[in-house]
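Colleague: Attaching a single structure in structure tokens format; questions to follow.
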Amino acid sequence: MTVSKMTWRPQYRSSKFRHVFGKAATKESCYDGVPITRSVQDNNFCAVNPRFLAVITECAGGGAFLVLSVHHTGKVDPHHPRVSGHRGNVLDVKWNPFNDYCIASCSEDATVKVWEIPPHGVLKTLTVPWKELQGHSRRVGLIEWHPTANNILFSTAYDYKVMIWNLDCPEQVIKNPVRTISHHTDVVLSMSFNTDGSLFATTCKDRKVRLMEPRSGNLLQEANCKTHKASKVMFLGNMKMLFTSGTSRWNHRQMALWDQDDLSVPLLEENLDGSSGVLFPFYDPDTHMLYLAGKGDGNIRYYEISSEKPYVHYLTEYRSHLPQKGMGVMPKRGLDVSSCEVFRFYKLVTIKSLIEPLSMIVPRRSESYQEDIYPMTAGNKPALSADEWLSGIDKGPVLMSLKPGSQVAESYSEMSKVTGISQDTHRSNNRPGMLQLAYIQDQLGTKDGKEDSSDTGDDRGRTPVSNGEDFTLCSPPKTENELRLKFHKQQEEIRRLRDLLSQRDVRIKQLELEIKNIKNSQTHSL
């Protein structure tokens, strides 16, 4: 008879993200002297894309927010021009996911406004929006863009309504939303969409989580859990699960996980601590990592989500003595893949008037591109037009690779065609040394009047790129290989510009000869 020995080993779960750590930016790489809003609204007050950082500021006589270049770090000029067209305090700002030059804002004046940001940034105070949305009867507290359809915007206000707006229309002031959803009995606290935008979930002050179909406005499910008062909700990618953060009946901060198809009972409930600040959840569907940042906390917890029990696996915690009022998150296409950065926060520190970038990094020895931590991710191209989505079509996001050199950043003129925003022809210089080569090309193109579209039509509006970014917006190379790659790309770009200049010099000479011939023929005829 053989006796099998039982070996007692602690449970160990292997994960490539077990050692992810947070790396705060140096003082020179922060944004200092920003008058961050004192609003008590439970929003992030900050929005980021690969080009610009927008933050709601404290100001007298109406509401305003700052738009800074992501690379314009250091001390911020207290007289920096702002976007200030609202008559009341701004409560939320969100960048259009498909256009880095388009941002929406909502305010206590019961309006939503959509702004066109010039390609060189805000050089003078903006007061006239591209679109103004008037439909809510009370202050608008939250806005969200549709994740895959172009120019579809959702807003919710203290009139307990969720409104859906189609920005693809000629009117500058839009008074009629395409759909108004009125299932809520109190203020909506958060909204979240599934991957293709066919469903959206909300949390409300009445303690209920609702799952709805946005186009029809139908209420599909409603969760009313007495042991969990949800304040924020988030879809967990394609895992068919919802995550909520809130409080227990004893006012402990709590997180809960729900099956998307059955909201009657949560799959998981876990108490975290006894603090009072709202927990903001952030989810990365590419790495399946969930980050929890509490308002007024200095720490950020992060977890890994799996589709099997126990579903949520605690990884570790980033600690800091600086409390955060809100957090902006950089889209994946704006991350630094050469340093294995998988997530980047922009932390608002009110007590120091500071915005501190915080990178979450996977430690790797190799300096080459790590394909296993950067799968294909949602890009900046819409999968659907607004009319296609309204007609009943659903599509997942258009994916892109983050591998250096695999994608080319679109110029502002091309992005304008996608979104229907007219290009701002008035361009002025940014800070010294920041004049873009595209501006020089445009000046050359207009020097000799009309030109044949066949000659330069493809070159006009092109922004020189390196590694998928503008030269003026590139981060400095960190490895020898990256430096060599950028050098070769710059050499190619210089050669192309020289060819373009020589072509236009020839064209100028041709035009001068034609003018002389015309003058000579006119004198002979006289």
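Colleague: Can you tell me what the convex hull of the Cα atoms of segment 1-156 projects to on average, as an area in nm²?
Modeller: Over every viewing direction, the Cα hull of segment 1-156 projects on average to 15.7 nm².
Colleague: Also, quick follow-up: For a quick protection proxy, order the peptides 107-119, 272-284 by their average other-Cβ count within 10 Å, most packed first.
Modeller: Final packing ranking: 107-119, 272-284.
Colleague: Given a Förster distance of 25 angstrom, what is the FRET efficiency for Ser276 paired with Lys226, based on the Cβ-Cβ distance and rounded to 0.05?
Modeller: Once the sixth-power term is evaluated, E becomes 0.75.
Colleague: Which three lengths, in whole Å and largest first, does segment 33-98 cover when its Cα atoms are put on their principal axes?
Modeller: Result, largest extent first: 29, 28, 21 Å.
Colleague: Label points 7 Å out from Cα along the Cβ direction at Asn176 and Asn517: separation in nm?
Modeller: With each label placed 7 Å out from Cα toward Cβ, I get 5.7 nm.
Colleague: Can you check what the Kirkwood hydrodynamic radius comes to for segment 126-268, Cα pairs only, in Å to one decimal?
Modeller: 15.8 Å
Colleague: Does segment 49-138 classify as rounded, prolate or oblate by the C-alpha gyration tensor (a ≥ b ≥ c root eigenvalues; a/c under 1.5 gives rounded; else a/b over b/c gives prolate, otherwise oblate)?
Modeller: Since a/c reaches 1.5 but b/c is at least a/b, the shape of segment 49-138 is classed as oblate.
Colleague: Related question: With a ≥ b ≥ c the root eigenvalues of the C-alpha gyration tensor of segment 325-381, is it rounded (a/c under 1.5), prolate (a/b larger than b/c) or oblate?
Modeller: Verdict is oblate for segment 325-381.
Colleague: With N set to the number of residues, divide the alpha-carbon radius of gyration of segment 277-418 by 2.2 N^0.38 Å and report two decimals.
Modeller: 1.22
Colleague: Using only Cα atoms, locate the centre of segment 53-71 and the centre of segment 197-268, then give the distance between them in Å, rounded to an integer.
Modeller: Centre-to-centre (Cα) distance: 32 Å.
Colleague: Does segment 147-221 come out rounded, prolate or oblate by the C-alpha gyration tensor, with a ≥ b ≥ c the root eigenvalues, rounded set by a/c under 1.5 and, if not, prolate when a/b is larger than b/c and oblate if not?
Modeller: Judged from the Cα gyration tensor, segment 147-221 comes out oblate (a/c at least 1.5, b/c at or above a/b).
Colleague: Placing one identical point scatterer on every Cα of segment 78-197 and ignoring solvent, what is log10 I(q)/I(0) from the Debye formula at q = 0.10, 0.17, 0.18, 0.20 Å⁻¹?
Modeller: Values returned for q = 0.10, 0.17, 0.18, 0.20 Å⁻¹ are -0.29, -0.83, -0.93, -1.14.
Colleague: Estimate the FRET efficiency between Asp372 and Leu497 by the formula 1/(1 + (r/R0)^6), using the beta-carbon distance for r and 60 Å for R0, to the nearest 0.05.
Modeller: The value I calculate is 0.95.
Colleague: Can you pull the one-decimal nm distance between simple spin-label points at Asp505 and Leu123, each 7 Å off the Cα toward Cβ?
Modeller: Placing both labels 7 Å beyond Cα along the Cβ direction yields 2.8 nm.
Colleague: Do any of Lys23/Lys229; Lys131/Lys381; Lys27/Lys325; Lys208/Lys240 go past 25 Å between their Cα atoms, and which?
Modeller: Correct reply: Lys23/Lys229.
Colleague: Distance in nm between label sites at Asn251 and Asn481, each 7 Å beyond Cα in the beta-carbon direction?
Modeller: Reported label-point gap for Asn251 and Asn481 is 5.5 nm.
Colleague: Quick one: 3J(HN,Hα) in Hz for segment 240-257, Karplus 6.51/-1.76/1.60 with θ = phi - 60°, rounded, Gly and Pro as x.
Modeller: 6, 9, 10, 10, 10, 10, x, 9, 7, 5, 9, 6, 8, 5, 8, 10, 9, 10
Colleague: Could you give the length gained on full extension between Lys75 and Ser14, defined as 0.36 nm per residue of separation minus the Cα-Cα distance, in nm?
Modeller: 17.7 nm
Colleague: Per residue of segment 314-325, in order, report the coupling 6.51 cos²θ - 1.76 cosθ + 1.60 (Karplus, θ = phi - 60°) as ³J(HN,Hα) in whole Hz, putting x for Gly and Pro.
Modeller: Here the 3J(HN,Hα) series is 5, 9, 6, 9, 8, 10, 8, 8, 8, x, 9, 8 Hz.
Colleague: Related question: For segment 245-339, what's the radius of gyration and Dmax over Cα atoms, in angstrom?
Modeller: 14.5, 46
Colleague: Further question on the same structure: Output ³J(HN,Hα) for segment 25-41: one whole-Hz value per residue in order, computed from phi by the Karplus curve 6.51 cos²θ - 1.76 cosθ + 1.60 with θ = phi - 60°, and x for Gly and Pro.
Modeller: Coupling constants for segment 25-41: 6, 5, 4, 5, 9, 8, 10, 9, x, 8, x, 5, 4, 9, 4, 9, 4 Hz.
Colleague: When the chain is fully extended, how far beyond the present Cα-Cα distance does Lys205 get from Leu267, taking 0.36 nm per residue of separation?
Modeller: My answer for the length gained is 20.1 nm.
Colleague: Using C-alpha positions alone, give me the convex hull volume of segment 197-260 per residue in cubic angstrom.
Modeller: Output value, Cα hull per residue: 75 Å³.
Colleague: Long-range amide H contacts for Gly88: which residues qualify at under 5 Å (H placed 1.01 Å from N, peptide plane, sequence gap of 5 or more or a different chain)?
Modeller: Gly63, Glu108, Asp109
Colleague: OK, next. Amide H of Val278 versus every other amide H placed in the peptide plane: which residues, excluding those fewer than 5 positions away on the same chain, fall under 5 Å?
Modeller: Answer set, sorted by chain and number: Lys295.
Colleague: I would also like to ask the following. Arrange the peptides 61-68, 49-56 so that the one whose residues have, on average, the most other Cβ atoms within 10 Å appears first.
Modeller: Ranking, from highest mean packing down: 49-56, 61-68.
Bear in mind these aren't lab numbers, they're just calculated from the coordinates by the rules spelled out. Computed from a prediction, not measured in an experiment: that's the story for all the values here. Ideal geometry is used to build each Cβ from the backbone, glycine not excepted, and the neighbour counts take in all protein chains shown.
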